[in-house]
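Quick notes on the structure that follows.
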Amino acid sequence: MRTIHCSLAMLSLTLVVRAILAADALSAADPEPSLAPLRYNNPGLVVDLGVGLWAWPMPMDYDGDGDFDLVVSCPDKPSNGTYFFENTSDGKEKLPVFKPGVKIGPGFHNVRVSYVEGNPVVLQEMKEYTDFRKTQYQQP
């Protein structure tokens, strides 16, 4: 049994040493990293719709002008809150342009928009906001 344990230990040690030597050889051969960091927050953009991690988008006609705006709830950092992004197009654009976000309330997990007879109803766990455009989250 000791012979088997010693053989396994030597095999493990050999593999570890080979892995270290291979990693060292790779790092010596390529002094520059081959992966470049991804750029974000492009200052040349007209509008950046970023609101943080785990955002919950709810497309609806929030301002009542006949086109779909974007309401986004973000419960996490850095932008905790619910934001309204106004659609500046006439509603027929494939890629509409939105105005910068305006915070309209706190951020929540698991919010969705549904439509009842053409009117948006925002749903949250065990809550329903039938007049969300006027009262946001104040009257479930």
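The values are calculated or read from the model by the stated rules, or taken from the named source; none is laboratory data. As the structure is a prediction and not an experimental result, all values here were calculated from the model. Here the Cβ positions follow ideal geometry from the backbone for every residue, glycine too, while neighbour counts run over all protein chains shown. For accessibility, only protein heavy atoms count, side chains too; no ligands or nucleic acids. Shrake-Rupley method; radii C 1.70, N 1.55, O 1.52, S 1.80 Å.
Remarks
- Here the accessible area is traced with a 1.4 Å probe on the protein chains. For the range 49-140, carbon and sulfur cover 55 percent of it.
- Were the residues from V116 through I104 laid out at 0.36 nm apart, the gain over their Cα-Cα distance would be 2.1 nm.
- FRET efficiency, 1/(1 + (r/R0)^6) with R0 25 Å, evaluated for D63 and E125 via beta carbons: 0.40
- Among 69-81, 53-65, the order from most to least packed when residues are scored by Cβ within 10 Å on average: 69-81, 53-65
- The residues neighbouring W54, those whose beta-carbon lies less than 13 Å from its own, together hold a net charge of 0 under the Lys/Arg +1, Asp/Glu -1 convention.
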